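The values are calculated or read from the model by the stated rules, or taken from the named source; none is laboratory data. Worth saying up front: this structure is predicted, and the values here are computed from it rather than measured. So basically every Cβ, Gly included, is an ideal-geometry build from the backbone, and we count neighbours across all protein chains shown. Keep in mind that these areas ignore ligands, DNA and RNA; they rest on the heavy atoms of the full protein, side chains included. Shrake-Rupley method; radii C 1.70, N 1.55, O 1.52, S 1.80 Å.
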Amino acid sequence: KIQTKGYMIDVPAGANVTLTNVTIDNDVPADLGGAANWGAVGLSGRKQMIQVSEKGNLVIDGGEYTSKGNQTIGVYGKLTMKGATVECTAKSEAQNAGWYDGVSLVAVVGTKAEFVMESGSLNANIGDGVDNGMYGIAVANGAKIVLGTEAGTEQPTVDSMFAPIAMNGSLSPGTIIVNNGTFNSHVAASGDSNWNAVLYLSAKANVTIKG
C-alpha cells in the first residue's frame, strides 16, 4: 500500500504508465475548495492523488485509490480505467469545512484530455446534499469522457452527492459518451432550490447516450 501524504503522482508528457491492482491512499484532507474552478487541476490544496499531464497516458487496471483530498484524479492527457475503485473518504472533514462543496472526484480538462472508464467505480458521496456536496466527474474546456464499453460485458458505477457527470457553462465545451453503466446522485430533491440530477450539463455539450 502506497501512502501519498497529500503529495501528487504526476504522469508527465510522453509517459505511458500502467498501474495494475495497486492500492494507494492519501490521509491528508483538502484545505482548498474552488467549486467553480474545475479547470485548475493539480492545485496543492486539493491534495490530489494523481495527475495525467497533457500527452501523458495512464491505465489503471484494478486496485483501490482512496483519498481525503477533494479531487483525487486530474486528467489533461488520457486515462483509461478498468475495474478499479476510486473513493473520497473525507466523511467528517467534508462536514466541517467547505472545501468539498462543488468539487469533482475526477476532473477531465482540456482539448487533449480523455477519460475512458470501461468499468470500476467512483464514489464521491460526500456532503450533506443540502448546502454542500461533491460531483463525480467534471468535464471542462473541450475534454472527452467515454463511460462503459459498447460490448457491455462490464459496466462502470459512479456514485456522488451531486451529479455523477457534470459540466460548467464557463468551462464549455465537452464531449460525453455513455455506453452503459450505473450513475447515482444522492441529493434528496426538495423543490426548486434543491433538485437531483444525474447529468448536470449547464454548458455547451455533445452528449451521446447508448444504454
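Is it true that residue 57 is surrounded by fewer than 20 Cβ atoms within 10 Å (Cβ to Cβ) and at pLDDT 95 or above?
It is true that residue 57 is surrounded by fewer than 20 Cβ atoms within 10 Å (Cβ to Cβ) and at pLDDT 95 or above.
Please indicate, with yes or no, whether at least one residue in the stretch 68-91 is among the basic types (Lys, Arg), at pLDDT below 95, assigned to a loop (DSSP other than H, G, I, E, B) and open to solvent by 10 Å² or more (accessible area, probe 1.4 Å).
yes
If only one of 170, 185 is within 15 Å of residue 199 (Cα to Cα) and of a type in the set (Ser, Thr, Tyr), which one is it?
185
Which ones in the stretch 10-47 are among the β-branched types (Val, Ile, Thr) and either part of a loop (DSSP other than H, G, I, E, B) or modelled with pLDDT under 95 (or both)?
28, 41, listed by residue number.
Does residue 130 satisfy the condition of being aliphatic (A, V, I, L, M) and closer than 19 Å to residue 81 by Cβ?
So residue 130 does not fit the description; no.
Read through the list (1) in a helix (DSSP H, G or I); (2) crowded, with 24+ Cβ neighbours inside 10 Å, then give the number of the only condition that residue 139 fails.
So residue 139 meets the others, but not (1).
May I ask you to say which residue of 127, 102 is part of a loop (DSSP other than H, G, I, E, B), within 15 Å of the chain's Cα centre (by Cα) and farther than 24 Å from residue 3 by Cβ?
One residue alone meets the criteria, 102.
Of the conditions (1) small (Gly, Ala, Ser); (2) over 15 Å from residue 160 (Cβ atoms); (3) modelled with pLDDT of 95 or more; (4) out of contact with any Phe, Trp or Tyr (no Cβ under 9 Å at 6 or more places or on another chain), residue 97 fails just one. Which one is it?
(3)
If you scan the stretch 158-181, which residues turn out to be within 19 Å of residue 70 (Cα to Cα), modelled with pLDDT of 95 or more and open to solvent by 30 Å² or more (accessible area, probe 1.4 Å)?
The answer is 159, and nothing else.
Considering only residues that are touching a residue at least 12 places away in the same chain (Cβ under 8 Å), part of a loop (DSSP other than H, G, I, E, B) and open to solvent by 10 Å² or more (accessible area, probe 1.4 Å), which ones fall in the stretch 146-157?
149, 150, 152, 154, 155
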